[in-house]
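Working notes, structure below.
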Amino acid sequence: MTTVTITSIPFIRFFRREGIGILWLIGLIFGIVLPILTVLLWAFAIKWRYPSVLPTEWGLDFWMETLSRADIRRALPNSIALSVLVTVLSAVICLPASFAFARLQFRGKQGLLLSFLFTNAFPRFGLYIAIAVIFFRFKLVGTFAGVVVIQLLNTLLLMIWIPTAAFQGVDRALEEAGLDVGASPLQVFIQITLPMVFPALFAALLLTFVNTFYETYGALLIGAPNVLTIPVIMFPLINNQPIPQFGAILSLVLFAPSVVLLLFANRLLRGGYLTAGFGV
Amino acid sequence: MTASQTEPAPHSKSRFSTVLPYLLVAPPILMVFGLIFFPALQSTLRTLTDAETGAFSLARYEMFFADKTSVTSLIFTIQIALESLLGLFVICFPLALYLRFNTSRIATGVQMISLLPMFVPGIMSAYALIRFVRGRGLFETLIYQVSPLLADAYYSPYVKPEGIVIGLIWEAIPFTVLILLAGLRQLDNGLIESAQDIGANRWYIFTRIILPLMRRSILIAFCLNFISMFGAYTIPYLLGPAAPQTMGVLMQRTLQDYQQPLEAETQAVITFLICSLVGLVYVQSVSGERVRKG
Amino acid sequence: MSTLSLHQIRKQFGDVVAVHEMNLHVNHGEFLCILGPSGCGKSTALRMIAGFEEPTAGDIRIDDRSIGMLPPNKRPTAMVFQKYTLWPHMRVYENIAFGLRLHGFSRKDIDEKVKGALELVGLPAYGKRFPSQLSGGEQQRIALARALVLQPKILLLDEPFSNLDALLRVRLREELRRIQRQVNITAIFVTHDQEEALSLADRIAVMNKGRIEQLDHPSRIYEQPQTLFVADFIGVMNLLPAHQDGGEIIIGSYRMPVPSGNEYSGDVTLAVRPEDLAIVPSGSDAAWNGQVEHVIDLGHYRKVLVRTEHMGVLKVYLPKAVDVREATTLALQPTRYTIFRDHQTPIEVHAGSVPQLSLQGMA
């Protein structure tokens, strides 16, 4: 005679094994996914009356209206130009340095490398105030250049840390093998070293671009009201606007580059790029 | 032996190759020192001197502490930061433990979702949370589906201190989970198995093996989150009450709305000083590890 | 014809001398092993030949042309490294073709040469794979193909098999030897594994502390070690501290004659291979008496540890037919031994006619 024990029912067995995981999943969907989903829904809603779970009227009408606003038409190119410029400059400034940190021997190397980590010990907002005081004197407040500099500071650590680790990670023997078959040091660098660090460099550039695209404090303190970026013009739109769609649509515009990042999320995670530069 | 004793090629350690590394690292280093350490130091010194005589003076601090709004802000900010940290660890510690010891597809899903806030722009997070938790937001709507009565009793944290706490926790979850996980991954399964082998129970394993090994990750997560919460602006400004304000909001108002850079600077330096307490712990734990690794 | 010679090569890192004035001549088509413990300078020597390290002094010549001033990419040498150094971002084909492209070969020539090299190492169908899809042994074979495809004058191998498991190591060893003979290339192979060196090499250079201790054919390295280090490092050896008094060796209460012409007074070391200790009837004059402490069965023979009064524990190899057990008392006599004195040519002694105990007599 066979007795059906409760644990032999597949669902119960599954829940016993995965119960905690399922609870976490439900909790995080409520806490994290639903708020993000709210934004998405609002962006495509024309009307959303309480207590309807979904928008009562759907449509793209507000997209036209949002994207044709004068302030947004000014801010979007600003944001893009700023992000591109900062990414390029950051690479130019930091990549040679990270190569030096990874490969060359010099006195004080460890200390200098650590000094980048120490910048984490300053609260960002207070720091920008202190920098703003200096920028006032150099008339950099309210200029594009001023915002570029402040954003560079913001991404410096990332752009030093990820490539340095990547260059350190390339096995010297692989480069020697290149020399051995007749490649010049430059050929070795271009054809062997660079392709091997490429994923890390790509991650660093992508993270720099996205971080600059989002960045709010520096742009607000140094750029406003002359140089406006998308995050900065969102403040009044979120706070004082009776129309929630503006904020929702701009949020999605701001989120767009992150989608690219999300596609690489797994690799970013495995490469340790998401916590690079915090001394973990 | 008549070996042709060629002189070794003179080791080409030219001046250039000694200077080259410094030339390469100079630009970012100059930026860090010129635009982070120097302004911070300069601001600190300036707040301690009299603008006219240049003599040592605590006048600017006396002004700060005489102002009730400022002091309230400071206390409020510390309170918010500590409450958020507490909430953050209550959520992230068990989450990290769960993720460390589970590899199922559900665990992978949990991990991906827990990282999501990292990819969301700060201002979008604020906006999303506002839309979600405010009165008649999606959260209340969902409660309404369960029971309209319950929805009437819904207390929205929007524009309340709780709103800031929720927002700060929300933004800090991914980073904290990653740091704690990094710490947990350093501990070998064999270590735990051998403890179980000699009959240690879960509590013992947790307190005697897991916690001590995670000391560093916990410290780093604590310090970095404290500093970033202390200097937060977007979330407190958008989700918090009009008064009291956190230091971030206060500084921005003082600088831009009231056009008082000197006062804003004093406030900034006070945040530096408070954060420097945990900052030192962070610096010490990071450099200690680096030196040990060699 | 490609020969390699090192003249008074020296390498110093700061205050540490890694290689002391080293001289070495390798003939065309010869397979030379540099054997030594880790840190003995063998890899440094090889890296100087390849050009990765610059000698502090001395000259390196290939076919009597000095290459000391050439950077590694201009030297006619090719190296197979200890770690699998295939470039992970290139397919196997590209890995092998990389050097050929740099040398400006036509596409057709490259294709032909790469295919030839793949066939040579027995992996003709592997061109399209990525290194990460290969096993360790396959990766090392491709690395060998990559080195050989450029037709270097000298092939350098830096412990290429040390990351592989024992069985594979033996197979690849044989294959390497076959390929080396087939393409008739001069090869220098660095290893710390004496079995590998003994089975591969035409000649072995045993290195210790930056110096070549002995350069000889494998059998001579084993049979006639010229220094105490070589005697100890190669194979198993009983090293017995002793005293020489004129024409006699005194070891504990035993006295042994020294061939005439080798009179000396002072401390010496007696080296006896475990297979050179024979069982003699107990009670015979010169026999070393001891008690069996441990018997290890090694398949076709037994390793027996015998505790003696004056010489500590002796390692003895005995055929399986000899029945020994723990606590048995044995009388041993060396049939062959070598006497080492400081900085002098060692003296080899064959004991000639030592009476052997019949097996029945033992029981």
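For residues that are part of a helix (DSSP H, G or I), within 7 Å of another protein chain (Cβ to nearest Cβ) and among the polar types (S, T, N, Q), tally how many sit in the stretch B:104-114.
1
Residue by residue through the stretch C:102-146, note down the ones that are in contact (Cβ under 8 Å) with a residue 24 or more places away in the chain and among the hydroxyl-bearing types (Ser, Thr, Tyr).
Listed by number, the residues that qualify are C:126, C:132.
Restricting to the stretch A:232-278, name every residue that is among the β-branched types (Val, Ile, Thr) and more than 14 Å from residue A:216 (Cβ to Cβ).
A:243, A:249, A:253, A:259, A:260, A:275, listed by residue number.
Does residue C:159 satisfy being in contact with a His (Cβ under 8 Å, 6 or more places away or on another chain), surrounded by 19 or more Cβ atoms within 10 Å (Cβ to Cβ) and either in the same structural domain as residue C:32 (by TED's automatic domain parsing) or at positive phi (or both)?
Considered against the rule, which asks whether it is in contact with a His (Cβ under 8 Å, 6 or more places away or on another chain), surrounded by 19 or more Cβ atoms within 10 Å (Cβ to Cβ) and either in the same structural domain as residue C:32 (by TED's automatic domain parsing) or at positive phi (or both), residue C:159 comes out as yes.
Would you say residue C:34 is buried (at least 16 other Cβ atoms within 10 Å of the Cβ) and modelled with pLDDT of 95 or more?
Here the answer is yes, as residue C:34 does meet what is asked.
Condition first: more than 7 Å from chain B (Cβ to nearest Cβ) and in a helix (DSSP H, G or I). Now tell me which residues in the stretch A:32-70 satisfy that.
Residues satisfying the conditions are A:37, A:40, A:41, A:43, A:61, A:62, A:63, A:64, A:65, A:66, A:67, A:70.
Out of all the residues in the stretch B:115-141, which are open to solvent by 30 Å² or more (accessible area, probe 1.4 Å) and facing another protein chain (nearest Cβ under 7 Å)?
Residues satisfying the conditions are B:116, B:118, B:131, B:136.
If we scan the stretch A:170-181, do we find a residue that is under 14 Å from residue A:83 (Cα atoms), at the interface with another protein chain (Cβ under 10 Å from one of its Cβ atoms) and surrounded by 20 or more Cβ atoms within 10 Å (Cβ to Cβ)?
Taking every residue of the stretch A:170-181 in turn, none turns out to be under 14 Å from residue A:83 (Cα atoms), at the interface with another protein chain (Cβ under 10 Å from one of its Cβ atoms) and surrounded by 20 or more Cβ atoms within 10 Å (Cβ to Cβ).
Using the structure shown, decide if residue A:141 is at pLDDT 90 or above, in contact with a helix residue (DSSP H, G or I) (Cβ under 7 Å, 6 or more places away or on another chain) and buried (at least 20 other Cβ atoms within 10 Å of the Cβ).
Yes, satisfied.
Do we have any residue at all in the stretch B:203-222 that's modelled with pLDDT of 90 or more, over 24 Å from residue B:97 (Cβ atoms) and in a helix (DSSP H, G or I)?
No, the stretch B:203-222 contains no residue that is modelled with pLDDT of 90 or more, over 24 Å from residue B:97 (Cβ atoms) and in a helix (DSSP H, G or I).
Kindly indicate whether any position in the stretch C:218-235 is touching a Lys or Arg at 6+ places or on another chain (Cβ under 8 Å) and open to solvent by 30 Å² or more (accessible area, probe 1.4 Å).
Within the stretch C:218-235 (the criterion being touching a Lys or Arg at 6+ places or on another chain (Cβ under 8 Å) and open to solvent by 30 Å² or more (accessible area, probe 1.4 Å)), the answer is no, since none of the residues qualifies.
So, of the residues in the stretch A:242-269 that are assigned to a helix (DSSP H, G or I) and of a type in the set (Phe, Trp, Tyr), which turns out to be nearest to residue B:121 (Cα to Cα)?
A:255
Residues checked against (1) within 14 Å of another protein chain (Cβ to nearest Cβ); (2) exposed (fewer than 15 other Cβ atoms within 10 Å of the Cβ); (3) more than 19 Å from residue B:90 (Cα to Cα):
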residue: B:169; (1), (2), (3): yes, no, no
residue: B:178; (1), (2), (3): yes, no, no
residue: B:185; (1), (2), (3): yes, yes, yes
residue: B:211; (1), (2), (3): no, yes, no
residue: B:215; (1), (2), (3): yes, yes, no
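Give the number of residues within the stretch A:215-232 that are assigned to a helix (DSSP H, G or I) and surrounded by fewer than 23 Cβ atoms within 10 Å (Cβ to Cβ).
0
At the interface with chain A (Cβ under 7 Å from one of its Cβ atoms) and open to solvent by 10 Å² or more (accessible area, probe 1.4 Å): is that true of residue B:278 in this structure?
Judged against the criteria, residue B:278 is not a match.
Hey, among the residues in the stretch B:142-155 that are of a type in the set (Ser, Thr, Tyr) and more than 8 Å from every other protein chain (Cβ to nearest Cβ), which one's farthest from the chain's Cα centre (by Cα)?
Per the stated criteria, the residue is B:147.
Please go through the stretch C:345-363 and pick out each residue that is part of a loop (DSSP other than H, G, I, E, B), at pLDDT 80 or above and not hydroxyl-bearing (Ser, Thr, Tyr).
Across the stretch C:345-363, the qualifying residue is only C:346.
Given (1) part of a loop (DSSP other than H, G, I, E, B); (2) within 23 Å of residue C:317 (Cα to Cα), identify the lone condition not met by residue C:160.
All conditions are met except number (2).
Could you grab me the full set of residues in the stretch C:37-60 that are among the polar types (S, T, N, Q) and crowded, with 19+ Cβ neighbours inside 10 Å?
Answer for the stretch C:37-60, where residues must be among the polar types (S, T, N, Q) and crowded, with 19+ Cβ neighbours inside 10 Å: C:43, C:44.
Can you find even one residue in the stretch A:79-91 that is in contact (Cβ under 8 Å) with a residue 60 or more places away in the chain, more than 23 Å from the chain's Cα centre (by Cα) and more than 30 Å from residue B:16 (Cβ to Cβ)?
no
Among the residues of the stretch C:87-97, which ones are at the interface with chain A (Cβ under 9 Å from one of its Cβ atoms) and open to solvent by 10 Å² or more (accessible area, probe 1.4 Å)?
Those that are at the interface with chain A (Cβ under 9 Å from one of its Cβ atoms) and open to solvent by 10 Å² or more (accessible area, probe 1.4 Å): C:88, C:89, C:90.
For the stretch B:91-102, what are the residues that are within 12 Å of chain A (Cβ to nearest Cβ) and part of a helix (DSSP H, G or I)?
B:91, B:92, B:94, B:95, B:96, B:97, B:98, B:99, B:101
Take residue A:134 and tell me if it is β-branched (Val, Ile, Thr) and either more than 13 Å from chain B (Cβ to nearest Cβ) or surrounded by 21 or more Cβ atoms within 10 Å (Cβ to Cβ) (or both).
So residue A:134 fails the test.
Consider residue B:84 against the criteria (1) of a type in the set (S, T, N, Q); (2) more than 30 Å from residue A:229 (Cα to Cα); (3) open to solvent by less than 20 Å² (accessible area, probe 1.4 Å): it satisfies all of them except one. Which criterion is unmet?
Of everything listed in (1) of a type in the set (S, T, N, Q); (2) more than 30 Å from residue A:229 (Cα to Cα); (3) open to solvent by less than 20 Å² (accessible area, probe 1.4 Å), residue B:84 misses just condition (2).
Restricting to the stretch B:244-269, name every residue that is of a type outside the set (D, E, K, R), over 12 Å from residue B:231 (Cα atoms) and in a helix (DSSP H, G or I).
B:254, B:255, B:256, B:261, B:262, B:264, B:266
How many residues are outside any helix (DSSP H, G or I), open to solvent by less than 70 Å² (accessible area, probe 1.4 Å) and not small (Gly, Ala, Ser) when one looks only at the stretch B:154-167?
Count: 4.
Residue check: is residue C:326 charged (D, E, K, R), open to solvent by 20 Å² or more (accessible area, probe 1.4 Å) and modelled with pLDDT under 85?
In short, yes.
So, restricting to helices (runs of 4 or more DSSP H) that lie completely within the stretch C:73-155, which ones have at least 2 residues that are over 18 Å from residue C:179 (Cα atoms)?
Passing ranges, in order: C:92-102, C:107-120.
Can you pull out every residue in the stretch B:223-236 that is open to solvent by 10 Å² or more (accessible area, probe 1.4 Å) and free of Cβ contacts under 8 Å to residues at least 24 places away in the same chain?
Within the stretch B:223-236, none qualify.
The values are calculated or read from the model by the stated rules, or taken from the named source; none is laboratory data. Here the structure is a predicted model, which is why all the values come from computation and not from measurement. Counting neighbours? That spans all protein chains shown, and the Cβs are built from the backbone with ideal geometry, glycine included. All accessible areas refer to the heavy atoms of the entire protein, side chains included, with ligands and DNA or RNA removed. Shrake-Rupley method; radii C 1.70, N 1.55, O 1.52, S 1.80 Å.
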